Each structure stands twice: as structure tokens, then as C-alpha cells.
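The structure under discussion appears below in the form of C-alpha cells.
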Amino acid sequence: MPGGIALNGNSLQTTGISQIITSNIDHHSMPKKNISMAALAYGNRSKITNSNYVDKQITISGTLAATNGSIITMDALEDTFKSYLVGTDGNLDIEHGSSTRRYLATPEVVKIDRNGGLAFGTFEVTFTCSRPFGIDLTATQLDLTTGHTAATRLIPIAIVGSAEYQFPLVKITLVSGTQLTNGTISIGNNANGQTLNITSPTWAAGDVLEIDPYESIVKINSVEVPFTGAFPSFKSGTQFMTYTDTFLTRSVNFDISQYGYWN
């Protein structure tokens, strides 16, 4: 029997008089991938021009049971179970290995068979996940450095996850510095050249820069700010993040973490 599973904090693996027993969880297949191709003139072949993961389907099935044999209890359990399966983009949490992965899931097809309305039944629910990856609930720390004083830094990071692209979260605290006005901080991927540039006319000691590449958000002191360039994404394994700035002097702290994305 599978381990823990919950939707928006509601367990789908319960005990007691009213039992939800999830006996099968099909979340092992990889997400659906859209592939665009263009025919090569006189080449008798095509070339893939773009590919993109768009969604993922997860199907769970099991039993609903009133262990006291009461049809009234079973009716209430069915209503409760259905109440969990409303809304869109809920948090579907599934234990996997020694951790839990979270999918952004919407119930698409819900089948319940009561076998004539008795005190037990079976269910099958198919979820469509608009975000096609399972995501760690606990962040992995990639780098925690204080008091960096050089204008550049090559930061080794051990990226986790099986998805093709991973998106570390970057938090940089400007402890102190000189000639900060209209300065630029740049964060990049050393392997592919993707670089994000953040320029501010009002950099000051104590400023906190936060970068969320997956959500395409950049904040200084919790306020969204404009940027140029490309958000860096990374492959799994040992990678290198780059840091540069245009200040004359600086002392900066780095806090880089990651929620692994899994196929």
C-alpha cells in the first residue's frame, strides 16, 4: 500500500470508523511533452525546434469504507471525500522515498462506485497537474557564505532534481559597500551564459536582493523591481553560478537554496 497522500492538507489515507484507503498512486510516468518540428528542405527529415513540458496526470484509486457498517456513516464519508476534490491547483502531497513531493493538481475525473449504496465503495480520481513537476517540500541549501568582498564570484552548487531545468532561489544581502548608486548586480549560469542583471539607483547597506527564477520575480527589500537579461536555470549535478557587481567595494552575504523539481 502507498505511503502518505494528502490534498490541501486533507489526508487520503485514513483510519477509524470512516476510512479513505488509497491503494494505488500512479504518479511515476513523466509529464506530457509538446514537441514542435520543422521539415528540412530536401532533407527527408525534420528538426525539433522547441520542446516544452505542459502538464502531468496522476491517478489514484482505492476504497471508501464505514467500518461500523452504517450506510449513514458511509454517506457522510462520501460527502466529505467529495468536498476535498473541489477547486483548482490544489496541493497534492505524495510521499516518495524519504521525502514528500508536492504537485499543483486539479481533480479532472472522479469516479465513485458504491455497489448499490452499501457501507463501502471504490474510487478513482484523475488529477491534471498544471505545473508538470513534483516539488520538494523542504529546500536544499546550496550555498551560505558571509562577508564576500570581491566583485566577482564563481559559486559551486550541487543541484538536485530529475527535471531538465532547475531553479535555485537566490538571496543576497548587501552588508556594506561604496559607489553603490546606479550599480548593477548580475547572477548567471556559467555553463550556458544566462545572466540576470539588477540595477538600482538607490543601493544601500542592508539591502536584500531576492531572485525567484521559476516565478520570474526579483525583489529588493520585498518590493518587486525591474531587471534585464535572462533568469538562469541549471541542470542537475555540480554546476556553477556566477556573481558580479559594479560597486567599488562591497561586503555581501549569499543564501542560495533550491526546491528540487522531479519528473
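Separation between the THR80 and SER29 pseudo-spin-labels, each 7 Å from Cα along Cα→Cβ, expressed in nm?
Result: 3.2 nm between the two label points.
Note down the nm distance, to one decimal, between modelled labels 7 Å out along Cα→Cβ at ASN91 and at THR152.
My value for the distance between the label points is 4.2 nm.
Rounded, prolate or oblate, given the Cα gyration tensor of the stretch 14-162, with a/c below 1.5 counting as rounded?
Values: a/c = 3.77, a/b = 1.60, b/c = 2.35.
Note, shape of the stretch 14-162 comes out oblate.
Taking only Cα atoms and a 10 Å spring cutoff, compute GNM fluctuations for the chain and point out the largest among ALA205, ALA38, ALA150.
Looking only at ALA205, ALA38, ALA150, the biggest GNM fluctuation is shown by ALA38.
For LYS219, which lysines qualify as cross-link partners when the Cα separation must be under 20 Å and same-chain residues fewer than eight apart are set aside?
Leaving aside lysines fewer than 8 places away in the same chain, those within reach of LYS219 are LYS171.
Enumerate the lysines that LYS56 could reach by cross-link, defined here as Cα to Cα under 27 Å, with residues fewer than 8 away along the same chain left out.
Cα-Cα hits under 27 Å: LYS32, LYS33, LYS47, LYS82, LYS111, LYS235.
Compute the Cα gyration tensor for the stretch 111-263, then decide on rounded, prolate or oblate, letting a ≥ b ≥ c be the square roots of its eigenvalues: rounded whenever a/c is under 1.5, prolate when a/b is larger than b/c in the other cases, and oblate in all that remain.
prolate
Relative to the present Cα-Cα distance, how much length would full extension add between VAL109 and GLN141 at 0.36 nm per residue of separation?
Length gained between VAL109 and GLN141: 7.7 nm.
For the chain, rounded, prolate or oblate, judged on the Cα gyration tensor with a ≥ b ≥ c (square roots of eigenvalues), a/c < 1.5 rounded, else prolate if a/b > b/c?
Here the chain falls in the prolate category.
Normalising by the residue count of the stretch 5-136, find the relative contact order in percent from Cα pairs under 8 Å and 6+ residues apart. Show your work: numbers first, answer last.
Details: 283 pairs, mean separation 36.3, N = 132.
The value is 28 percent.
Using amide H atoms built 1.01 Å from N in the peptide plane, name the residues 5+ places from THR59, or on other chains, whose amide H lies under 5 Å from its own.
So THR59 has HN proximity to ASP26, PHE127.
Once the other residues with Cβ under 10 Å from the Cβ of LEU169 are scored (Lys, Arg +1; Asp, Glu -1), what is the net sum? The partial results should precede the final answer.
On the way: positive: LYS171; negative: GLU210, ASP212, GLU215, ASP255.
Residues close to LEU169 contribute a combined charge of -3.
Roughly what angle does helix 71-84 make with the longest principal axis of the chain, taking Cα atoms, 0 to 90 degrees, to the nearest 10?
Rounded to the nearest ten degrees, it is 20.
Kindly list the residues of the stretch 178-220 that lie in the label zone of PHE240, defined by a backbone N under 11 Å from the point 7 Å along the Cα-to-C-beta vector.
So the set is 190-192.
Just how large is the dipole of the stretch 193-263 about the Cα centre, in debye to the nearest 20, putting +1 at every Lys and Arg Cβ and -1 at every Asp and Glu Cβ?
200 debye
Tell me, in nm to one decimal, what length is gained between ILE72 and ALA41 on full extension, where the rule is 0.36 nm per residue of separation less the Cα-Cα distance?
Value of the extension gain: 4.3 nm.
So, with +1 on the Cβ of K and R and -1 on the Cβ of D and E, and no other charges, what is the size of the charge dipole of the stretch 1-98 about its Cα centre, to the nearest 20 debye?
Details: 6 positive and 8 negative charges, 151 e Å.
Here the size comes out at about 720 debye.
For SER99, what charge total do you get from the other residues with a beta carbon under 12 Å from its beta carbon, if Lys and Arg give +1 and Asp and Glu give -1?
-1
Treating only the Cβ of Lys, Arg, Asp and Glu as charged (+1, +1, -1, -1), what charge dipole size does the chain show about its Cα centre? Round to the nearest 20 debye.
Numbers: 16 positive and 21 negative charges, 156 e Å.
So the magnitude is around 740 debye.
Using only Cα atoms, locate the centre of the stretch 5-39 and the centre of the stretch 233-263, then give the distance between them in Å, rounded to an integer.
Taking the Cα centre of each part, the stretch 5-39 and the stretch 233-263 sit 32 Å apart.
Please tell me the relative contact order of the stretch 140-262 in percent, rounded to the nearest whole number, where contacts are Cα pairs under 8 Å and at least six residues apart. Before the final figure, lay out each step's value.
Values: 332 pairs, mean separation 59.2, N = 123.
Relative contact order for the stretch 140-262 comes out at 48 percent.
Which length gain, in nm to one decimal place, applies between GLU124 and ASN50 when the Cα-Cα distance is subtracted from 0.36 nm times their residue separation?
On the way: separation 74, 0.36 × 74 = 26.64 nm, distance 3.45 nm.
Extra length available between GLU124 and ASN50 comes to 23.2 nm.
Could you sort the peptides 62-74, 108-120 by per-residue average Cβ neighbour count (10 Å cutoff), highest mean leading?
Packing proxy ranking, top to bottom: 62-74, 108-120.
Provide the per-residue ³J(HN,Hα) series for the stretch 89-106, in order, calculated from phi with Karplus coefficients 6.51, -1.76, 1.60 and θ = phi - 60°, each as a whole number of Hz, with x at glycine and proline positions.
Values, residue by residue: 6, x, 8, 9, 9, 10, 5, 8, x, 9, 9, 10, 10, 10, 10, 8, 10, 10 Hz.
Throughout, read-outs are computed from the coordinates displayed, never taken from laboratory work. Here the structure is a predicted model, which is why all the values come from computation and not from measurement. Please note: Cβ atoms are built from the backbone with ideal geometry, for glycine as well, and neighbour counts cover all protein chains shown.
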